[in-house]
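This report concerns only the one structure given below.
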Amino acid sequence: MDVVAKGKYQEWLTEEALLLLEGWARDGLTDEQIAHNMGISVRALYQWKKKYVQIFQALKKGKEVVDRQVENALLKSALGYHYEEEALTNKGEVVTLRKYQPPNTTAAIFWLKNRKPVDWRDKVITEHEGKIEHEIVVEWGGSSGVSDNED
């Protein structure tokens, strides 16, 4: 364990500190960034995650939240959605417009390839059972225009 990190783990086991760790993970910070914010090396953070289940759970919980948010955003993009937008008219009035974002084909393909790989993968695997029989025909002889006798 790092010399700097000795005994420091205790301050990260409080309820407030664990919520902070969870928030950093939810905000998308990497383990390296979280360790930096904690004032420890990433190696020490990895050791603490193995040794202190509270730290491991806080980071895991935070990352699960942001993963779900991204999954939901990807699905929403794949399906298309309505949204509201405020605009300013020539008369200086603010109006709310209802707009539609059509489905994003790339998001749909990505979703399907990952969620249903058997049906949507690019590479089709064809399996064959049994023998494949074939016949090779070689023709010999015939006229090639070359004479065996040179006179």
Exercise. Would the range 53-75 turn up any residue that is over 30 Å from Lys8 (Cβ atoms), assigned to a loop (DSSP other than H, G, I, E, B), free of Cβ contacts under 8 Å to residues at least 60 places away in the same chain and under 20 Å from the mean Cα position of the chain (by Cα)?
Worked result: no
Exercise. Can you name the residue in the range 122-146 that is within 30 Å of Leu112 (Cα to Cα) and of a type in the set (A, V, I, L, M, F, W, C) and, of all such residues, is modelled with the lowest pLDDT?
Worked result: Val124
For this session: Could you grab me the full set of residues in the range 60-84 that are among the acidic types (Asp, Glu) and in contact with a strand residue (DSSP E or B) (Cβ under 8 Å, 6 or more places away or on another chain)?
Result: Glu84
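Yes or no: Val66 within 30 Å of Ile109 (Cβ to Cβ), in contact with a helix residue (DSSP H, G or I) (Cβ under 8 Å, 6 or more places away or on another chain) and among the β-branched types (Val, Ile, Thr)? Lay out the reasoning, then the answer.
Numbers: within 30 Å of Ile109 (Cβ to Cβ): yes; in contact with a helix residue (DSSP H, G or I) (Cβ under 8 Å, 6 or more places away or on another chain): yes; among the β-branched types (Val, Ile, Thr): yes.
Spelling it out, Val66 is indeed within 30 Å of Ile109 (Cβ to Cβ), in contact with a helix residue (DSSP H, G or I) (Cβ under 8 Å, 6 or more places away or on another chain) and among the β-branched types (Val, Ile, Thr).
With Pro103, Pro117 as the choices, which residue is within 16 Å of Lys76 (Cβ to Cβ) and not hydroxyl-bearing (Ser, Thr, Tyr)?
Working: Pro117 fails: within 16 Å of Lys76 (Cβ to Cβ).
Just one listed residue meets the conditions, Pro103.
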For this session: Looking only at the range 72-127, count how many residues are open to solvent by less than 80 Å² (accessible area, probe 1.4 Å) and of a type in the set (Lys, Arg).
Result: 2
Exercise. For the range 21-52, what are the residues that are more than 12 Å from Tyr9 (Cβ to Cβ), open to solvent by 60 Å² or more (accessible area, probe 1.4 Å) and part of a helix (DSSP H, G or I)?
Worked result: Arg26, Glu32, Gln33, His36, Asn37, Arg43, Tyr46
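The values are calculated or read from the model by the stated rules, or taken from the named source; none is laboratory data. Everything numeric here is computed off the predicted structure, so don't read it as measured data. Virtual Cβ from ideal backbone geometry, glycine too; neighbours counted across all protein chains shown. Protein only, heavy atoms only, side chains kept; ligands, DNA and RNA dropped before computing areas. Shrake-Rupley method; radii C 1.70, N 1.55, O 1.52, S 1.80 Å.
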